[in-house]
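Only one structure is covered here, and it is reproduced in the block below.
Rule-based calculations on the coordinates, nothing more; no lab input. Given the structure is predicted, the values throughout are model-derived calculations rather than measurements. Quick reminder, even Gly has a Cβ in these numbers, built from the backbone with ideal geometry, and neighbours come from all protein chains shown.
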Amino acid sequence: MFIQTEATPNPATLKFLPGREVLPGGALELKTPADAERSPLAQKLFAIDGVSGVFYGGDFVTVTKSGGGEWQHLKPAILGAIMEHYLSGQPLLTEGASSASSDESDEFFEDADSETVDTIKELLETRVRPAVAMDGGDITFRGFREGVVYLNMKGACSGCPSSTATLKQGIENLLRHFVPEVQEVRP
C-alpha cells in the first residue's frame, strides 16, 4: 500500500491520500480524543503524541499537529497508523457511529431567505467545497442573517493562516457576484 502525502496551505496540517475511499460522499472532523471514539483510525492517530486533529474527506485524511510536534517525527507514525488501519480491514467508523455532523440541524436563517440560502448552498457545494477539499479541508454553511453568510471551516481550513483571505477574496466575492443579497462572509 502506498500513501501519498501533500502539504496544505495550513503548515500545521498534512493531507494523506491512501489511494482508496476514506469517507465516500462526506466529511468528518474529529477535534479531540473523545471525538475519536467514533473511529478506530482516529483513535490510533490521536494516540500519537503531537496529533491534535483528524479530518476525513472523500479520499483523504488530514492530520493537524499541535504546536510542539515536528512533521519529520510525526509523519512516519501517522503513515504507519493509516497503513495498519487499512490493512487490518477495520471499518473507518465504529458500528452505529454516523459520519453526519450536527451542522445542518444547527443552521440558522429566516424562512423568507430560504431561496437565497438554497442558492448559497448550491454555490458552496459546486464551486467552493471541491476546491477546498483539494487543500485538505471543508467549508459548510452555518447561517445567513442580515446579508451575512456564516460558514464553518474544517480540516486544513480550520486555523489556516490563509483562511481569512480565502473567505474574503474568494468565497465572499463569488457569493456577492451571484447572490446580491450577500454583503459579507464570516467564519
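Before moving on, here are some points about what is shown:
- Karplus-derived 3J(HN,Hα), 6.51/-1.76/1.60, for each residue of the range 50-57, Hz, glycine and proline x: x, 7, 10, x, 9, 9, 9, x
- Number of Lys-Lys pairs in the chain with C-alpha atoms under 16 Å apart and a separation of 8 or more places or on different chains: 11.
- Listed residue (Q43, G57, I82) projecting farthest to the positive dipole end of the chain, Cβ model: I82
- Calculated FRET value between A165 and Q90, using beta carbons and R₀ = 41 Å, to 0.05: 0.60
- Karplus (6.51, -1.76, 1.60) ³J(HN,Hα), θ = phi - 60°, over the range 164-170, in Hz, Gly and Pro reported as x: 5, 5, 4, 5, 6, 7, x
- Rel. contact order, % - alpha carbon contacts under 8 angstrom, at least six apart, the range 1-62: 37
- Percent of C-alpha pairs per 10 Å bin in the chain, short distances first: 9, 36, 32, 17, 5, 0.
- By average C-beta atoms within 10 angstrom, highest first, the peptides 69-78, 130-139, 144-153: 130-139, 144-153, 69-78
- Net charge in the neighbourhood of A156 (other residues with Cβ under 14 Å of its Cβ; Lys, Arg +1, Asp, Glu -1) is +1.
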